[in-house]
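The values are calculated or read from the model by the stated rules, or taken from the named source; none is laboratory data. In this text the structure is predicted, and so the values were computed from the model without any measurement. Reconstructed Cβ throughout: ideal geometry from the backbone, glycine too, with neighbour counts over all protein chains shown.
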Amino acid sequence: MGTLISLNNSKFTIYKSMKVPLNWIRQYTSINLNDEELIAKIRAQLGEVETVENLNEVYKNVLVAEVVSSQDIADSDKLAVYQLNIGENNPVQVVAGDRTLQVGDKVAYFPPGITLPSDFNNVDNNNVVGTAKLGGKESVGMMASAKELDLSNNHKIVMRLQTDKVPGTSFADVMDFNDTIIDIENKALANRADCFGVLGIAREIAGIQCTPFVSPDWYLNPEESITIDSDINLPVKIQNDAKSLCNRFTAISMSDIRVGDSPLWLQALLRKVGLRPVNNIVDITNYLMILTGQPMHAYDYDKILARDTNSKDTVNIVIRTAKKEETITTLDDKTVNLLDNVVVICDSQSPIGIGGIMGGLDTEIDSNTKNILLECANFDMYNVRRSSMRLGIYTDAVTRFSKGQDPNQCKPIIIKAVEMVKELATGKIASDLEDSYLIKREPKQIHISLKRLNAHLGTHFKADDVCVTLTNVELKTSKVSGDEIIVDIPTYRGDLNIREDIHEEVGRLYGYNKIQISFPHKTIVPAKPNSSVELQKKVRRELTSFGADEILTYNFTSQKLFKSFGLNIDYAYHLKNALSPELEYMRTSLLPSVTEKVNENLREGYTEMALFEINKSHNKTVLQEDGLPVELQSVALIFAAGGKTEKSLYSGSPYYMSKLYASELLTSLGVSRCKYNTVDSTDQKQCPLWIKDLLNGLDPNASAVVTTKREKETYYLGVIGGLSSVTKQKLSLPNFISGFELDLSVIKSLTNNSRDYIEPSKYPSVTNDFCFVVKHELRYSDIAEAIESIKPSEVLMNLDIVDIYQSQEQAENQQKQVTIRVTLTPRSKTLTSEEIGTIRNKVISEVTKKTGGEIKEN
Amino acid sequence: MEYKNSDLKKLATEIERDLKSEKSTKELKAKYLGKQGLFSSQLKKIGTIAKEKRAEYGKEANTLKQYIEESLEQKAFTELNKISTSKQIDVTAKFDINTPEEKKPKLLSQPGSQHPLTQELEYILGIFTSMGFDIEECRQIDNDYNMFEALNFPKGHPARDLWDTFWTDENLIPPAHTSTMQNRVLRKYEPPIRVVIPGRCYRNEATDASHEHTLHQIEGVYVDQGISLGDMIGTIKTYLEAFFNTELKAKVQPAFFPFTEPDLEFLISCPFCAQAGCNICGKTGWIEAMGCGMIHPNVLKEGGLDPEKYSGFAWGFGLDRLVMIKNGIEDIRWLHSGNLNFIKQF
């Protein structure tokens, strides 16, 4: 499992990229292109190459040195002085805090002037090696610890090099660091479990070079059985109680282990892919994971036996899901509270590892480990991913298991691991290979049709081209007829399931650049105009021509904004993974978000502004049949004026500015004859929820619900209002501010096929002004309705309000005077002065009768 | 909320009635939350509750308390609103009483600006309309089925991690891509299907100069009999040449999307430097224009179309970056800033 310490400490994401050293690839397939050509080809046919790295720069000046003589420094209890052969005529003298070096030992030597590899990319702390006096002796340069070489955390002693290379050789040569390491973004490979291993990438690189790939024999044809060769018997029993979540579990124990550093080639490979060497056992499991994509884990056999009081001489491994309130301390020394459905690997009592995620600390391999238990298992990809997310633990093992590894590869890989442990850690096989394999994954066959493939891709590939291309990546093909080809799918290619998957493989490996550009055969059908999109365009055009500026704001808002407008937050969808409290709720109307943008612009010096937004909002209590919220498509506008501009240009309630914008917009959209209802006179049952809710943030004495009637049906268009004093105070808004929000779907439904239009008349119009003294609370619309009610035949009346005035005296009497201009437009003939007089008298009598007011004659 | 404890249930009914009454917030606050208040007294009775029911009682009492507090706050807001405002104005008039002629409401004299994103959107939709594509607007809240399942992402599939989605408490999703409309489009239209889907998308990532949680995409769907990958390349190239008003070279490279097969990245020769190498194309001469691919047979099936008979392609591209590149906007955060210094330049 994840016995891994990543060199990169930045936040781990599941889709990080993967480093692939090209020299490692060359062990499995030849590369006949230069690096640049190869990288271009990988980009075009496999996946994005993010970075290209070569460690030679970091290590080229580090030299192999051989100890020629050593002498402890008498007046120090730690230091020793050494003469080193660095391949030059004269040896160099180096003082070190390690007295254990022997004559003939080879070490890595830093000549003066070079930067430590461990600091190579560290801009702030760039340690340069120098010449110094230590313990009274001159020390020229220094000998490297593994930590200073950026290989492991070992800083106690000078690192010994097991190498045949002569003194003076560059350390980079010893480690084969002059190697191009490409970093492949594995986003494009998210469904390719096999490409999370070097073998898989090597197979693809062979494929795109059109050369055949052959997997190593140990991978394809593992030995059938394994022979115990240890004198000690270390029995293992497996009991799988989580069958649906762990399809296969293989394990074997080994004795006579000598834990130590891995050979340099192995340390070098791990360093190249960004892992730290730990010890030979752990390094072997990591090496095989990087090579094949299959994570492994190694336990200390004796530690398992010691902790399990139920078991005497057999390790009893139980695979099960975690119990309530169970915990484990993982390798990174963190205590994890396990959750239900998380698979744990246990002894007969408690967990020793989290399946597919990370091993436990108390059974870890250390320098005293003598006997080990190796595990190579297959866990359910969905459960590994879910468990990892729930526990918040992300490891390289999780990355690989969550892509769905092939259970068939467990056996060859554990056998390979055994072989490597024998070779690199003197281990002997001390048990049978225990294998609990529940449902065997069988190879599949996919039938493809050449004709269909070419029709799908728009290509003219021949059967032979297709077969060779597929065979190169070990997808065996057999031609059935001229058209049909059967493709054998190895079990590690879980991504290939349907014929279209094969089409893609052929297109990609043979080269998409061979595809002929073509065009669909089109029947001539004009696109249907989208009335909603058209309406939005029109609203934008009109409002910008009225001097308003279009802005866009977020759907996500804060609880604070809801409270500032007195809106009901229970209507709002709440995000459970919001980025911040400012972005926690989905808005239920647009006006508040637009209002929020006023202050910044006032500060920028815009003393009067009209801002509008067209967008959607949602109320979680207003749902469609499918359970999704109805989407309110609306336009919201805010008008604000501040400072001197307000005083010099505006007077009275700010409501009238927004009303002007709304009525001009509605008229130009073809919706006239709108009614502006006070809040009190609004039908609470009929009025849509969003309007009622938004009224909370508006001044109840200076807001109106806009409606219109069509064939006795009342349509609620929206709401206009000055912002309430509470809202203004809470958001520190200027005093002169108002806004509107109108429902565009209602407007769309009214203007779909028609608009309000009146044929212009051929006869001259006549205008008449009337000034009525009326009660203060009387509305202009009351007078207008009285006038309109006279409906003179064959004459159209058009009303406009000229002035509303209140003298001191009228104020005391609760009166005001309203001047109205009536334009009379005859339809069939020119009006005589007599007819005009009759209408005028009718107007006066009707208004005085209905409103109790009186006409004021000049 | 249904209270199991009968006393709390009674109390909840009473407060409900009181909230609708004419009683003032102050009065109600004293009645319920004061030291001798009904709720406070009720709370003291916890000692009389059976031990095993105490936890549940405590939980319910807490919920009720929160409810009372929030309702009273809301009521106070409404009250304050009523007292602190002026007299009723005539909402049917065009201006207030005694407004001098020069101060009567007039529209602003300088024309306003349209947001650069919607300008570009209208331009792009115009091109697609001329190519015979219908327009379908994208939803802003959708469900798991449309966002993932209908697009061949099984439940729990790791590919879902590629889309950093937001989730509401109800497990609905502000969609992370316009593909969330694909299934609806496949079901609504009859082949030949030619539809573009503009929409707002949401990604759960922190905002900085080049990252935004709110962005805009345009999706395209084309389904008919005998549609090939070559047709896709031809169609997308034609659109891009119309958009940039110049001839372009096009190429595709592999990508991964569960809902297409093959899945591709569409690249064009850089229209800004004619492949001489500039900052926009990162000196490569190529620009990644969009993700695209042949619609996966499972997606067609789920959309009610027979994959034996029909095939098609789909694409999706971001609008925001395009607008930034075209106008030289360096910081993506301007787009949703509402700042007039920014907007007025367009």
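Conditions (1) at pLDDT below 95; (2) in contact with a helix residue (DSSP H, G or I) (Cβ under 8 Å, 6 or more places away or on another chain), marked per residue:
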residue	(1), (2)
A:ASP300	no, yes
A:LYS303	no, yes
A:ASP308	yes, no
A:SER311	yes, yes
A:VAL318	no, no
A:LYS324	yes, no
A:ASP333	yes, yes
A:ASP340	yes, no
A:VAL343	no, yes
Exercise. Can you name the residue in segment B:169-181 that is touching a strand residue (DSSP E or B) at 6+ places or on another chain (Cβ under 6 Å) and within 7 Å of chain A (Cβ to nearest Cβ) and is also nearest to B:GLY291 (Cα to Cα) among such residues?
Worked result: B:PRO174
Exercise. Is there a residue in segment A:618-633 that is in contact with a strand residue (DSSP E or B) (Cβ under 7 Å, 6 or more places away or on another chain) and surrounded by 24 or more Cβ atoms within 10 Å (Cβ to Cβ)?
Worked result: yes
Exercise. Are any residues in segment B:206-220 more than 8 Å from every other protein chain (Cβ to nearest Cβ) and either touching a His at 6+ places or on another chain (Cβ under 9 Å) or assigned to a helix (DSSP H, G or I) (or both), and if so, which ones?
Worked result: B:GLU212, B:GLN217, B:GLU219
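Let me confirm something: among B:ILE287, B:ILE236, which residue is over 30 Å from A:PRO581 (Cα atoms), out of contact with any helix residue (DSSP H, G or I) (no Cβ under 9 Å at 6 or more places or on another chain) and in the same structural domain as B:ILE135 (by TED's automatic domain parsing)? Steps first, please.
On the way: B:ILE287 fails: out of contact with any helix residue (DSSP H, G or I) (no Cβ under 9 Å at 6 or more places or on another chain).
Just one listed residue meets the conditions, B:ILE236.
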Exercise. What number of residues within segment B:167-188 satisfy the criterion of being in contact (Cβ under 8 Å) with a residue 40 or more places away in the chain and assigned to a loop (DSSP other than H, G, I, E, B)?
Worked result: 1
For this session: Give the number of residues within segment A:691-718 that are assigned to a loop (DSSP other than H, G, I, E, B) and touching a residue at least 24 places away in the same chain (Cβ under 8 Å).
Result: 0
Exercise. Of the residues A:LEU632, A:LEU649, which single one is over 22 Å from B:HIS115 (Cβ atoms) and not charged (D, E, K, R)?
Worked result: A:LEU649
Exercise. For segment A:443-481, what are the residues that are modelled with pLDDT under 95 and acidic (Asp, Glu)?
Worked result: A:ASP464, A:ASP465
For this session: Tell me which residues, restricted to segment A:452-467, are free of Cβ contacts under 8 Å to residues at least 40 places away in the same chain and in a helix (DSSP H, G or I).
Result: A:ASN454, A:ALA455, A:ALA463, A:ASP464, A:CYS467
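Among the strands (runs of 3 or more DSSP E) confined wholly to segment A:719-815, which include 2 or more residues that are modelled with pLDDT of 95 or more, under 43 Å from the mean Cα position of the chain (by Cα) and crowded, with 17+ Cβ neighbours inside 10 Å?
Passing ranges, in order: A:736-743.
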Seminar exercise, completed: Of the residues in segment B:12-42, those that are crowded, with 16+ Cβ neighbours inside 10 Å and either among the polar types (S, T, N, Q) or more than 15 Å from B:GLU70 (Cα to Cα) (or both) come to B:THR25, B:LYS31, B:GLY37, B:LEU38, B:GLN42
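Just to check your reading of the model, which residue among A:ASP313, A:ASP333, A:ASP362 is surrounded by fewer than 21 Cβ atoms within 10 Å (Cβ to Cβ), of a type outside the set (A, V, I, L, M, F, W, C), in a helix (DSSP H, G or I) and not assigned by TED's automatic domain parsing to the domain that holds A:TYR492?
Details: A:ASP313 fails: in a helix (DSSP H, G or I); A:ASP333 fails: in a helix (DSSP H, G or I).
Criteria check complete, one pass: A:ASP362.
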Exercise. Is there a residue being among the small types (Gly, Ala, Ser), assigned to a loop (DSSP other than H, G, I, E, B), at pLDDT 90 or above and outside the structural domain of A:LYS19 (by TED's automatic domain parsing) anywhere in segment A:78-91?
Worked result: yes
Exercise. Which condition number does A:GLU185 fail, the rest of (1) touching a Ser or Thr at 6+ places or on another chain (Cβ under 6 Å); (2) more than 14 Å from chain B (Cβ to nearest Cβ) being met?
Worked result: (2)
Exercise. Among the residues of segment A:828-837, is there at least one that is away from chain B (no Cβ under 13 Å), surrounded by 16 or more Cβ atoms within 10 Å (Cβ to Cβ) and free of Cβ contacts under 8 Å to residues at least 60 places away in the same chain?
Worked result: yes
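Taking into account only those residues within segment B:105-161 that are of a type in the set (Gly, Ala, Ser) and in a helix (DSSP H, G or I), which is farthest from the other protein chains (Cβ to nearest Cβ)? Steps first, answer last, please.
Applying the first criterion (of a type in the set (Gly, Ala, Ser)) to segment B:105-161 yields B:109, B:112-113, B:126, B:130, B:132, B:150, B:156, B:159.
Now drop any that are not in a helix (DSSP H, G or I), which leaves B:126, B:130, B:150, B:159.
Values: B:GLY126: 10, B:SER130: 8, B:ALA150: 13, B:ALA159: 5 Å.
For segment B:105-161, the residue satisfying everything is B:ALA150.
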Problem set entry | segment A:484-500: number of residues that are in contact with a Lys or Arg (Cβ under 6 Å, 6 or more places away or on another chain) and of a type in the set (Ser, Thr, Tyr) | 1
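One line per residue, one yes/no per condition, for (1) surrounded by fewer than 22 Cβ atoms within 10 Å (Cβ to Cβ); (2) in contact (Cβ under 8 Å) with a residue 60 or more places away in the chain; (3) within 12 Å of chain A (Cβ to nearest Cβ); (4) not hydrophobic (A, V, I, L, M, F, W, C):
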residue: B:PHE244; (1), (2), (3), (4): yes, no, no, no
residue: B:LYS249; (1), (2), (3), (4): yes, no, yes, yes
residue: B:ILE280; (1), (2), (3), (4): yes, no, no, no
residue: B:HIS296; (1), (2), (3), (4): no, yes, yes, yes
residue: B:GLU302; (1), (2), (3), (4): yes, yes, no, yes
residue: B:ALA314; (1), (2), (3), (4): no, yes, no, no
residue: B:PHE317; (1), (2), (3), (4): no, yes, no, no
residue: B:LEU322; (1), (2), (3), (4): yes, yes, no, no
residue: B:GLY328; (1), (2), (3), (4): yes, no, no, yes
Seminar exercise, completed: Counting only residues that are within 20 Å of the chain's Cα centre (by Cα) and buried (at least 24 other Cβ atoms within 10 Å of the Cβ), segment A:365-384 contains a total of 1
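Among the residues of segment A:514-542, what is the count of those that are assigned to a helix (DSSP H, G or I), out of contact with any Pro (no Cβ under 9 Å at 6 or more places or on another chain) and within 7 Å of chain B (Cβ to nearest Cβ)? Walk me through it before giving the result.
Step one: of segment A:514-542, the residues assigned to a helix (DSSP H, G or I) are A:514, A:531-542.
Next cut, out of contact with any Pro (no Cβ under 9 Å at 6 or more places or on another chain) only: A:514, A:531-532, A:534-542.
Next, from what is left, pick out any that are within 7 Å of chain B (Cβ to nearest Cβ): A:532, A:537, A:540.
Summing the residues that are assigned to a helix (DSSP H, G or I), out of contact with any Pro (no Cβ under 9 Å at 6 or more places or on another chain) and within 7 Å of chain B (Cβ to nearest Cβ) in segment A:514-542 gives 3.
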For this session: Within segment A:838-850, track down each residue that is surrounded by 15 or more Cβ atoms within 10 Å (Cβ to Cβ) and out of contact with any helix residue (DSSP H, G or I) (no Cβ under 6 Å at 6 or more places or on another chain).
Result: A:ILE839, A:ARG840, A:LYS842, A:ILE844, A:THR848
For this session: Please list, ordered by first then second residue, the pairs with beta carbon atoms under 7 Å, 6 or more apart or interchain, first in segment A:796-808 and in the same structural domain as A:GLU835 (by TED's automatic domain parsing), second of a type in the set (Asp, Glu).
Result: A:MET797/A:GLU788; A:VAL802/A:ASP769
For this session: Return the total of residues in segment A:108-153 being assigned to a loop (DSSP other than H, G, I, E, B), among the polar types (S, T, N, Q) and crowded, with 17+ Cβ neighbours inside 10 Å.
Result: 1
For this session: Scan segment A:473-502 for residues that are of a type in the set (Val, Ile, Thr) and in a strand (DSSP E or B) and jot them down.
Result: A:THR477, A:ILE485, A:ILE486, A:VAL487, A:ILE489
Seminar exercise, completed: Taking segment B:221-235 and the residues there that are within 12 Å of chain A (Cβ to nearest Cβ) and over 14 Å from A:GLN516 (Cα atoms), the one that is nearest to the chain's Cα centre (by Cα) would be B:TYR222
